[in-house]
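One structure below.
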């Protein structure tokens, strides 16, 4: 099964309470986005946003220029259905991040739990190059830490430390803040995440 088929199957067959990444509230992501100090008109893209409720919270906070990208069309359809009429205020993109070609630049690039699915050096280097080219302001990344799981949804992941993540983006981005936190899954297991924010140099 290829990656797209894998994720379409996940979102076709599972509800939010049946997948480990579901959060009651994406508060850390919201805090990091608000800490950028950017206006509500800032261009924000959520990479691998799936049917995450981050977009709901950002709309409620008054952010006006939000894009959600995911490899799974089914995931985005779920989010659109949940948002109802508000969905028309969001730009939805179905794409594998490895083949994504942006047509605009972004002020905030947010990625919780998508980047760590890139496991080859080539994929990681391509991602970093894409970010360097496409982001004008800030990157906010959330990945499994070196104390987190080694797999997610049956797939291998890449763990990160504050140093290993920061080293990847050092040439173009300056570290602003990093923190680790425990995410309690809907089935009461614990995953340790690393969240870091970086500002374009």
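The values are calculated or read from the model by the stated rules, or taken from the named source; none is laboratory data. None of these values were measured; they are calculated from a predicted model. Here the Cβ is made from the backbone with ideal geometry for all residues, glycine too, and neighbour counts use every protein chain on show.
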Residues located in segment 1-46, provided they are within 14 Å of the chain's Cα centre (by Cα), modelled with pLDDT of 85 or more and surrounded by 14 or more Cβ atoms within 10 Å (Cβ to Cβ):
26, 28, 29, 30, 32, 33, 44, 45, 46
Counted residues in segment 150-167 being closer than 22 Å to residue 32 by Cβ and in contact with a strand residue (DSSP E or B) (Cβ under 9 Å, 6 or more places away or on another chain) come to 9
Residue within segment 105-119 that is buried (at least 17 other Cβ atoms within 10 Å of the Cβ), at pLDDT 95 or above, under 13 Å from the mean Cα position of the chain (by Cα) and more than 21 Å from residue 7 (Cβ to Cβ) present:
yes
Is one or more of the residues making up segment 91-102 over 16 Å from residue 158 (Cα atoms), out of contact with any strand residue (DSSP E or B) (no Cβ under 9 Å at 6 or more places or on another chain) and surrounded by 13 or more Cβ atoms within 10 Å (Cβ to Cβ)?
yes
Please enumerate the residues belonging to segment 54-112 that are touching a residue at least 60 places away in the same chain (Cβ under 8 Å), closer than 23 Å to residue 27 by Cβ and not in a helix (DSSP H, G or I).
70, 106, 107, 108, 109, 110, 111, 112
Hits in segment 176-193 (condition: within 19 Å of residue 135 (Cβ to Cβ) and touching a residue at least 24 places away in the same chain (Cβ under 8 Å)):
176, 177
Within segment 131-141, can one find any residue that is surrounded by 13 or more Cβ atoms within 10 Å (Cβ to Cβ), closer than 30 Å to residue 41 by Cβ and out of contact with any strand residue (DSSP E or B) (no Cβ under 7 Å at 6 or more places or on another chain)?
yes
Within segment 122-143, residues part of a strand (DSSP E or B) and farther than 15 Å from residue 174 by Cα come out as 142, 143
When every residue in segment 154-201 that is in a loop (DSSP other than H, G, I, E, B) and in contact with a helix residue (DSSP H, G or I) (Cβ under 6 Å, 6 or more places away or on another chain) is compared, the one nearest to residue 15 (Cα to Cα) is 186
